[in-house]
Amino acid sequence: ALNQSLAELGGRFNVSFEFFPPRTKEMEDTLWNSIDRLSSLKPKFVSVTYGANSGERDRTHSIIKGIKERTGLEAAPHLTCIDASRDELKTIAEDYWSSGIRHIVALRGDLPPGSGKPDMYACDLVSLLKEVGDFDISVTAYPEVHPEARSAQADLINLKRKIDAGANRAITQFFFDVESYLRFRDRCVTAGIDVEIVPGILPVSNFKQLQRFATLTNVRVPGWMTSMFEGLDDDAETRKMVGANIAMDMVKILSREGVKDFHFYTLNRAEMSYAICHTLGVRPAVSAA
Ligand code: FAD
């Protein structure tokens, strides 16, 4: 029944893909191959991360430029506000606007260890960006609550502030407990948040790395998932298949629950995201022979 409903919905989904700036020549080749393959799926947009405090904003920008030139896709740089002054952020936003960038993923960024209360939160960055230009703005949402939040309710109010400041959609932290996403989406509606809460899908192939990352980000890795990956520590190929299967099940359930937009954390690799999109009916246009 799940596959039947997907076939009926086929082609009605919007997808977006997230990449990060590569560190080596080899990783750069992987990135561009992945962008070429995934761009054939005509994503609504693609985004490129910027590591707060990394000083690598120029690399993010140059990849964004490269994607625009190569594919013509809408390319959105991530921008953090924790590591720049308001004046600097204004200049960056003006530069982006004048180089034709119209979509920004607006973030606070992680606090460096030992730092005090930050001067700015993501909602302040959204307001600042809106003063510079009428950007399309994506912000984050945390179905399982951001690790620093005082409470789930405070975190939800923070999301509302970001939307009220002018953000156009929220992209969620990755999750594996679909129920937690669905409950969160309901709570957003109750709180008067009326934008898409786009699920962030992380296709998992490196389970050990995921466990570390999930602990840091307050994301629950369900027991069933641990047992799915059991015994595969030295078997990358099977892990990839298992990971793709988990993500395919998730997007099927989410699509049945009315989700139309999906954001993929690609980790710069096309294979799994491409396959998951294929099962959603998101495929390259077949040209008439
Ligand atoms: P905010 O929305 O500002 O929230 C941060 C925390 O502060 C929350 O706990 C919130 O409840 C709390 N809060 C908000 N306002 C107040 C207030 N006035 N008083 C007290 N508490 C408050 N990081 C990067 O460095 N680079 C990236 O490219 C990047 N991309 C990301 C993409 C996505 C889709 C996601 C989900 C995360 C990404 N991150 C990235 C990680 C992100 O920077 C961290 O999660 C960071 O800790 C919070 O950023 P935010 O924009 O969600 O913050």
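Annotations for the structure displayed:
- Residues that are in a helix (DSSP H, G or I) and of a type in the set (G, A, S) within the stretch 147-197 comprise A152, A154, S180, listed in sequence order.
- The set of residues from the stretch 106-132 being more than 10 Å from the ligand (Cβ to nearest atom), out of contact with any Ser or Thr (no Cβ under 9 Å at 6 or more places or on another chain) and either open to solvent by less than 30 Å² (accessible area, probe 1.4 Å) or not in a helix (DSSP H, G or I) (or both) comprises P112, P113, G114, S115, G116, L128, L129.
- Look at the stretch 97-122: where a residue is over 24 Å from G166 (Cα atoms) and of a type outside the set (F, W, Y), no partner that is away from the ligand (no atom under 12 Å from the Cβ) and open to solvent by less than 30 Å² (accessible area, probe 1.4 Å) sits 6+ places away or on another chain with Cβ atoms under 8 Å.
- Search result, residues across the stretch 20-46 that are open to solvent by 20 Å² or more (accessible area, probe 1.4 Å), hydrophobic (A, V, I, L, M, F, W, C) and touching a strand residue (DSSP E or B) at 6+ places or on another chain (Cβ under 8 Å): F20
- Residues of the stretch 235-278 that are within 16 Å of the ligand (Cβ to nearest atom), within 14 Å of N14 (Cβ to Cβ) and out of contact with any helix residue (DSSP H, G or I) (no Cβ under 7 Å at 6 or more places or on another chain): V259, D261, H263.
- Entirely in the stretch 220-289, the helices (runs of 4 or more DSSP H) that have 3 or more residues that are open to solvent by less than 40 Å² (accessible area, probe 1.4 Å): 236-256, 271-279
- Selection status of L216, in a helix (DSSP H, G or I), open to solvent by less than 40 Å² (accessible area, probe 1.4 Å) and within 16 Å of F175 (Cα to Cα): no
- Unique match (being open to solvent by 40 Å² or more (accessible area, probe 1.4 Å) and more than 21 Å from R269 (Cα to Cα)) among E74, E94: E94
The values are calculated or read from the model by the stated rules, or taken from the named source; none is laboratory data. Just so you know, these numbers come straight off a predicted model, no measurement behind them. So basically every Cβ, Gly included, is an ideal-geometry build from the backbone, and we count neighbours across all protein chains shown. What goes into the accessible areas is simple: the full protein's heavy atoms, side chains included, and nothing from ligands, DNA or RNA. Shrake-Rupley method; radii C 1.70, N 1.55, O 1.52, S 1.80 Å.
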